Amino acid sequence: MYTVEMLPGDFGDALWIEYGDPGNPTRILIDGGAPGTGRVLREKILALPVNRRHFELVVVTHIDLDHIMGILELLEEDTPEGLIIGDFWFNGFKQLPDPEGVLGAKQGERLSHWIEHHGFPQNQFFAGGAVMLEDDLAELPVVEMPGGMRITILGPTRSRLLRLRGEWEEHIRGLELEPGEAGAELAGHSAEGISGVLGGDVDVELLAGLPFSKDTSKPNGSSIAFLAEYDEKSVLFTGDAFADDLAKSIGSLLDGTGQTRLRVDAWKLSHHGGKHNTSRQLIDRVSCRSCLVPTSGARYKHPNAETLSRILSKAAEAGGGNALVSPMRFLFNYRTEQNEVWDDNELRSDWNYETRYPQTDRPGLKVDLS
């Protein structure tokens, strides 16, 4: 068994992974969603028997509010009885590399404080240091998880974390606090607003041909990204990572294999399908059929039509060298103004794709890869 459940994390990621024995699965949680998602996480954990509230791994990919806030709400407000976390992957300020020779920084300080105060293990495989790659990509760290899950780290690089460190320091010192020591003082601070814009009508050919503009957000560039493989099934989890970084690390992973594309069963699109995080170059590096798009569309108005159009355009290219498998499947955990435009029979016929939405009014979608 290998399932990925896109919990209703509003405009953020909250991914509940189970693998192994269906009667007693091993669990991984990736991110906690936007403000308000802590309640969703708590309810799901409390539904488990007390002696089975165990996660082998909890990953907070980066410090943006739509990934970290649900985790903070879960842990700070009323930690569920019996909760056990085998390892906590999170690059707090103390894990960021020192230079050689914000957005979300307050929340990062709070999470670091909670982990340290409660004695939870953090980044154990990395000896308590940063979850990261060296810039030369000479070696991609591989973690063999209990239960047979194999995780290959694809990001971030050391240089991305160095860029984040400067922004983190500036933000926390602007509050007259000390970076790495400010968590207790900041506990309870609420999230700040985030704005976004809505895309236009869907013209796949036109949108796919628009120039690609790269994401430049330092927190997004610091995202923990990885390939998670179990029982011959694999998922690419990307956080909000940059397209160029993912393409390079995937290329490094494929070096010497004779393959030019990473074959996966599902791909969690970076930044909720944002148009600045999935380039044609990255699409050329991935072979898959199912794209996971977890977002309510609020705030950022994701997914952007440009992203899904690029994917469909690539999948439709003639010849045997297609990077993507047709028909493509777009899997959404909400039905929204942004994604329901793809629930169109004419578009589906023209571009040979499938869509899947929650079957009820309750958001969230579980994907079974078994």
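The values are calculated or read from the model by the stated rules, or taken from the named source; none is laboratory data. The structure displayed is predicted, hence computed values, not measured ones. Here the Cβ positions follow ideal geometry from the backbone for every residue, glycine too, while neighbour counts run over all protein chains shown.
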(Q) Would you confirm, using the coordinates I've provided, whether ASP240 is in contact with a Gly (Cβ under 6 Å, 6 or more places away or on another chain), more than 17 Å from LEU369 (Cβ to Cβ) and among the charged types (D, E, K, R)? (A) no
Q) Which condition number does ILE28 fail, the rest of (1) among the β-branched types (Val, Ile, Thr); (2) under 13 Å from GLY147 (Cα atoms); (3) part of a helix (DSSP H, G or I) being met? A) (3)
Q: State the number of residues belonging to the stretch 80-96 that are modelled with pLDDT of 90 or more, over 20 Å from the mean Cα position of the chain (by Cα) and over 14 Å from LEU57 (Cβ atoms).
A: 3
Q: Might you let me know whether the stretch 257-277 holds any residue that is within 15 Å of the chain's Cα centre (by Cα) and of a type in the set (Ser, Thr, Tyr)?
A: yes
**Q.** The listed residue being touching a strand residue (DSSP E or B) at 6+ places or on another chain (Cβ under 6 Å) and among the acidic types (Asp, Glu), out of ASP135, ASP78
**A.** ASP135
Q. In this structure, is ARG27 modelled with pLDDT of 95 or more and touching a His at 6+ places or on another chain (Cβ under 9 Å)?
A. yes
(Q) Under 8 Å between Cβ atoms, which residue pairs at least 6 apart in sequence (or on different chains) link something in the stretch 41-70 that is under 18 Å from PRO25 (Cα atoms) with a partner that is among the polar types (S, T, N, Q)? (A) ARG52/ASN24; GLU56/THR26
Q: Provide a single number: the residues in the stretch 292-309 that are of a type outside the set (Phe, Trp, Tyr) and at pLDDT below 90.
A: 1
**Q.** Residue match in the stretch 310-332 (condition: modelled with pLDDT of 95 or more, among the polar types (S, T, N, Q) and surrounded by 18 or more Cβ atoms within 10 Å (Cβ to Cβ))
**A.** no
Q.
Which pairs turn up if I take residues in the stretch 9-23 that are within 30 Å of ARG299 (Cβ to Cβ) and crowded, with 18+ Cβ neighbours inside 10 Å and look for partners that are basic (Lys, Arg) and at pLDDT below 95 with beta carbon separation below 6 Å, at least 6 apart in sequence or on another chain?
A. PHE11/ARG299
Q) How many residues does the stretch 246-299 contain that are of a type in the set (S, T, N, Q) and crowded, with 23+ Cβ neighbours inside 10 Å? A) 6
Q) Any idea which residue in the stretch 36-92 is surrounded by the fewest Cβ atoms within 10 Å (Cβ to Cβ), counting only those that are part of a loop (DSSP other than H, G, I, E, B) and hydroxyl-bearing (Ser, Thr, Tyr)? A) THR79
